[in-house]
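Data block below; observations after.
Please treat every number below as a calculation from the coordinates, not as lab data. Small disclaimer: the values here were computed from a predicted structure and weren't measured. Please note: Cβ atoms are built from the backbone with ideal geometry, for glycine as well, and neighbour counts cover all protein chains shown.
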Amino acid sequence: MNKSMLGGILIGVAVAAAGGAVAGFGLLGGAAKYAEVLEVKPVHKTIRTPREECQDVAVEKQRPVQDEHRVAGTAIGAVVGGVLGHQVGGGSGKQIATVAGAAAGGYAGNRIQQNMQDKDTYTTTENRCRTVQDSHQEVVGYDVRYKLGDHVDVVRTKEPPGARIPVKDGQLVLGGEGPGRS
């Protein structure tokens, strides 16, 4: 082997080693192959779903009134009041007492019948419904804080990444999602 051949081999080995080192760090500037994941935070969304909630409740109702103007109570009260008024006094005072008794008895009979009608109730069951909102949380993505070289940034992903995110041509490779800054 001669000296020039040995020198050529040494120079070739040195160039190959230098080329491998440059390729290992990326071309000029040592571009990183991975971004380091610093923090992953799930992003939640509240989902509200309306539904109808029904229950049977006891309801008190007034019975239908048959004598709306309370004629029976007024008439009976007037008769009773007139009879009682007729028992009082004498002469022309008896007629005045009878008329006054009939008027007062008619009024009292009307009020007594109204009170009885107001208290004439029954209880029934009714189905009452209302709309209520059910809610739950869903994860809609992940805010990922990462470091690429000296640069720290945040990207939103659909799935949580591992400890590193691949980088190609200076851009994050996010499994087909494409980078999206939040």
Legend entry - Reach of residue 158 by Cα under 12 Å, taken over aspartates and glutamates that are not fewer than 8 positions away in the same chain: 143, 177
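So, counting K/R as plus one and D/E as minus one, what does the shell of residues with Cβ under 9 Å around residue 134 add up to? Write down the numbers at each step before the final one.
Numbers: positive: 48, 51; negative: none.
It works out to a net charge of +2.
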Legend entry - Rounded to whole Hz, the Karplus (6.51, -1.76, 1.60) HN-Hα couplings of segment 45-51, x for glycine and proline: 10, 8, 9, 10, 10, x, 8
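Arrange the peptides 140-146, 160-166 so that the one whose residues have, on average, the most other Cβ atoms within 10 Å appears first. Could you put the intermediate results ahead of the total?
Working: 140-146: 17.4, 160-166: 13.9.
Result, highest mean first: 140-146, 160-166.
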Legend entry - Cβ-derived FRET efficiency at R0 22 Å, residue 65 paired with residue 103, nearest 0.05: 0.40
Inset, instruction - Can you tell me the FRET efficiency between residue 45 and residue 125 if r is taken as the Cβ-Cβ distance and R0 is 35 Å, rounded to the nearest 0.05? - result: 0.30
Inset, instruction - Quick one: plug the Kirkwood hydrodynamic radius of segment 50-130 (C-alpha pairs) into Stokes-Einstein at 10 °C, 1.306 mPa s, and report D in µm²/s. - result: 103 µm²/s
Legend entry - Eligible lysines near residue 147 by straight Cα distance, threshold 17 Å, same-chain separation 8 or greater: 33, 41, 168
Legend entry - Label-point separation, residue 147 to residue 58 (7 Å along Cα→Cβ), nm: 7.1 nm
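To one decimal place, what Kirkwood hydrodynamic radius in Å is obtained for segment 103-157 from all pairs of distinct Cα atoms?
Values: mean 1/r = 0.0517 Å⁻¹.
19.4 Å is the Kirkwood radius here.
Beyond 15 Å, how much of the Cα-Cα pair distribution for segment 95-134 remains, as a whole percent?
Numbers: 525 of 780 pairs.
For segment 95-134, the share of Cα pairs beyond 15 Å comes to 67 percent.
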Inset, instruction - Can you pull the one-decimal nm distance between simple spin-label points at residue 136 and residue 164, each 7 Å off the Cα toward Cβ? - result: 3.8 nm
